[in-house]
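Trainee: The structure that follows is given in the form of structure tokens.
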Amino acid sequence: MSMTTLLVMASIGSVGAMAGALGIAAAPVRWRERLLPLLLAYSAGTMLAAALLGMLPRATRSLPGMQGGLVVLGGLLFFFVLERLLLWHHCHDSGCQVRRASGRLLLVGDAFHNFVDGVVIAAAFLTSPELGWAATLAVVAHEVPQEMGDYAVLIDSGMGRWQALGWNLLSALATLPGAVLGYLLLSQAQSFTPYLLALSGASFLYIALGDLLPRLHQQQGRSWLALLMLVLGMATIVVVRLDAH
Ligand SMILES: [Zn+2]
């Protein structure tokens, strides 16, 4: 796997997701309201399957006994603390004065999240191309609704349309340095790969179970359709990884 191929993949993961978000944002409201919950369910399915069928089995092959589980637990704790720190000043009161600040905070948190997505894509690709594709697909699928939500929050915090779009794009591009760093780190020290894969799996599990599924429960709509999309997301990863060993 060359650096160029990896950068193309990471670009698909970040800029591709933005293009998807713009496309859906341009659709009529009625369509958008129907599409979003389906996309949330689909992306949760891809992330859960990529973590549980791809990254974690691969990681635990090299991390026997409780080692793999401990790295995943450590990862979950790390993401929990990170989320607390970044959302510390978030305000949910109606008369709140710090909404502008929360817009900037969202950008920092999001840029870091996208950076981690880049590392995840690199770790997956350096393990096997199939796992790399599975990870990229899972990143694109969950970033589309993510970018749309971020855009709405930025507009709400007082930014103009183009300003919000530009900042969102800049934050999305953080995936590229993440991928480069992951690539350089893992090509220098391949023994880190299983650890980084386990952390990647933890990141996907945390996002799917802690963010996407709860958001899905808040949405109105047909539950059976959401369940179907969840299964479809999982099935896509199984098919993508079909010929991986
Ligand atoms: Zn992401």
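Read the figures in this text as sums done on the coordinates, not as results from a lab. The shown structure was predicted, so the numbers you read here are calculated from the model rather than taken from an experiment. Reconstructed Cβ throughout: ideal geometry from the backbone, glycine too, with neighbour counts over all protein chains shown.
Trainee: Direction-averaged shadow area of the convex hull around the Cα atoms of segment 4-92, nm²? The partial results should precede the final answer.
Mentor: Details: hull surface 36.0 nm².
Averaging across all directions leaves 9.0 nm² for the Cα convex hull.
Trainee: If you don't mind, another one. Apply 1/(1 + (r/R0)^6) to the Cβ-Cβ distance of Glu33 and Leu77, taking R0 = 30 Å, and write down the FRET efficiency to the nearest 0.05.
Mentor: Working: r = 36 Å, r/R0 = 1.19.
That gives a FRET efficiency of 0.25.
Trainee: Please turn the phi angles of segment 25-42 into ³J(HN,Hα) values with the Karplus equation 6.51 cos²θ - 1.76 cosθ + 1.60 (θ = phi - 60°), one per residue in order, whole Hz, x for glycine and proline.
Mentor: Per-residue couplings from phi come out as 4, 7, 6, x, 3, 4, 5, 4, 5, 7, 6, 4, x, 5, 5, 4, 5, 4 Hz.
Trainee: Could you run the Debye sum over the Cα atoms of the chain, one equal point scatterer each and no solvent, and tell me log10 of I(q)/I(0) at q = 0.11, 0.17, 0.18 Å⁻¹, two decimals?
Mentor: Debye curve over Cα of the chain, log10 I(q)/I(0) at q = 0.11, 0.17, 0.18 Å⁻¹: -0.56, -1.33, -1.47.
Trainee: Semi-axes of segment 177-217's equivalent ellipsoid from the Cα gyration tensor, sqrt of 5 times each eigenvalue, largest first, rounded to whole Å?
Mentor: Numbers: eigenvalues 157, 25, 3 Å².
After scaling each eigenvalue by five and taking roots: 28, 11, 4 Å.
Trainee: Could you rank the peptides 44-53, 231-240, 191-200 by their average count of other C-beta atoms within 10 Å per residue, with the highest value first?
Mentor: By packing density, highest mean first, the sequence is 44-53, 191-200, 231-240.
Trainee: What's the FRET efficiency of Ala19 with Leu227 using the Cβ-Cβ distance as r and R₀ = 30 Å, to the nearest 0.05?
Mentor: Values: r = 28 Å, r/R0 = 0.93.
So, using R0 = 30 Å, E works out to roughly 0.60.
Trainee: So what's the gap between the Cα centers of segment 1-31 and segment 130-167, to the nearest angstrom?
Mentor: 9
Trainee: Also, quick follow-up: Using θ = phi - 60° and the Karplus form 6.51 cos²θ - 1.76 cosθ + 1.60, what ³J(HN,Hα) does each residue of segment 49-60 get, whole Hz, x for Gly and Pro?
Mentor: With coefficients 6.51, -1.76 and 1.60, one gets 5, 4, 6, 7, 9, x, 5, 5, x, 5, 5, 6 Hz.
Trainee: Let a ≥ b ≥ c be the square roots of the eigenvalues of the Cα gyration tensor of segment 110-245; is it rounded (a/c under 1.5), or, if not, prolate (a/b larger than b/c) or oblate?
Mentor: Details: a/c = 2.39, a/b = 1.20, b/c = 1.99.
Taking the square roots of the gyration eigenvalues as a ≥ b ≥ c, segment 110-245 is oblate.
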